Amino acid sequence: MQGVAGAPPQRPRLVTARLELVPQSLAAVRALVEGEEPGLPLADGYPHAETLDGLRIAADHATDGEVGGWFIVRVEDGAVIGDCGTKGWVDDRGRVEIGYGLSASFRRRGYGGEAVAAMVTWLGAQPGVRAVTAEVEVGNEASRRLLERLGFVVEDTADGSWWLARAAESQGRATRVPGRGDDG
């Protein structure tokens with residue numbers, strides 16, 4: 001995804017009923033990739049191989065400061081159970097793509113929906129964001145259902161993936177979802 005001119009805004013700490021989304025620093029991401037302590041306690045199973053692959057890419061392309069994501073921290077014990085973030089920033093049609101993942105032992109407990117809802121709400125309020133999108137591997141029904149519960153709709157199926165989108169909310173009103181390949 002290519003971003004439009006301008007840097008993304010600094011990501012704030014987002015708090016939900018059971019979770020805290022803590023902005024990822026480049027230092028913390030590099031520590032995880034190198035198998036070191038990132039400064040937060042890690043839950044069993046975090047990070048898993050797919051997360052490490054994504055974090056390696058983020059660390060390789062990050063500038064000073066943030067890498068574009070959050071650690072998903074369970075308030076109950078302060079442990080990192082997953083992560084979420086954007087894949088780049090807003091493109092020229094106002095679309096921003098998200099990604100997310102949880103340790104296997106924390107799936108199917110509502111944590112994913114809670115974290116993604118907080119992230120999508122924040123993203124939808126950012127200037128220039130007209131739609132939030134996600135790519136889900138065909139067959140990952142749980143992830144697809146999670147996004148559909150949050151108002152995403154499947155707009156395309158290609159290359160073994162479902163492409164889902166949700167209009168951003170501006171001033172409390174949903175806007176039209178600019179489609180893939182749409183000029184606006």
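Only one residue of V67, G99, G39 has its Cα farthest out toward the positive end of the dipole of the chain, where Lys and Arg carry +1 and Asp and Glu -1 on Cβ, and that residue is G99. For the pair A17 and E50, label points projected 7 Å from Cα toward Cβ lie 2.6 nm apart. Here the peptides 33-41, 51-59 are ranked by packing, the mean other Cβ count within 10 Å, and the order with the highest first is 51-59, 33-41.
Look at (i) 71, 33, 28; (ii) 44, 35, 34; (iii) 56, 35, 34: the one that is Cα extents along the principal axes in Å derived from this structure is (ii). Segment A125..H61, full-extension length gain: 20.5 nm, with 0.36 nm per residue of separation and the alpha-carbon distance subtracted.
Bear in mind that the values in this text are calculations on the coordinates, not laboratory data. Just so it is clear, the model here is predicted, and its values are computed rather than measured. Here Cβ is always computed from backbone atoms with ideal geometry, including for glycine, and neighbour counts include all displayed protein chains.
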